[in-house]
Amino acid sequence: GGAVGPLPFPPQPPRGRRESLVDHVAAAVCCAAADTAGASPGLDWLDGPVLRTVAGGRAQDLTTTVHSLVDDGDPAPLRDWLAAAGVRSDKPVRLV
């Protein structure tokens, strides 16, 4: 194999524990929304992965609510988001 040249864009700094936790919490929320509220994954050409609601719209403010939990320890905004999205907390999340 040949040598690979430099990437055409600058490398990203390593992700920290907080960023990883935010990503993992958001992923669990997306799985719960897909399992219990009929949401589905989508792909936005600019923003990358997105969560689509049953009505076909894009789920809003998930990142803000997850950051509120991780950064401030405040679960209320995420609980409100889950309830508004129809996510059932009595159902386990299936990671399949």
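The values are calculated or read from the model by the stated rules, or taken from the named source; none is laboratory data. The shown structure was predicted, so the numbers you read here are calculated from the model rather than taken from an experiment. Heads up, the Cβs are rebuilt from the backbone with ideal geometry, glycines too, and the neighbour counts pull from every protein chain shown.
Summary of values
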{"quantity": "Among the residues listed as GLY56, GLY16, GLY73, GLY42, the single one being modelled with pLDDT under 85 and either exposed (fewer than 13 other Cβ atoms within 10 Å of the Cβ) or basic (Lys, Arg) (or both)", "calculated": "GLY56"}
{"quantity": "PRO49 over 18 Å from LEU82 (Cβ atoms) and surrounded by 10 or more Cβ atoms within 10 Å (Cβ to Cβ)", "calculated": "yes"}
{"quantity": "Residue that is farthest from the chain's Cα centre (by Cα), among those in the range 25-72 that are assigned to a loop (DSSP other than H, G, I, E, B) and without any contact (Cβ under 8 Å) to a residue 24 or more places away in the chain", "calculated": "ALA55"}
{"quantity": "Filter pass, VAL29 being of a type in the set (A, V, I, L, M, F, W, C) and in contact with a His (Cβ under 7 Å, 6 or more places away or on another chain)", "calculated": "no"}
{"quantity": "Residues within the range 76-96 that are modelled with pLDDT of 85 or more and either on the phi > 0 side of the Ramachandran plot or hydrophobic (A, V, I, L, M, F, W, C) (or both), tallied", "calculated": "9"}
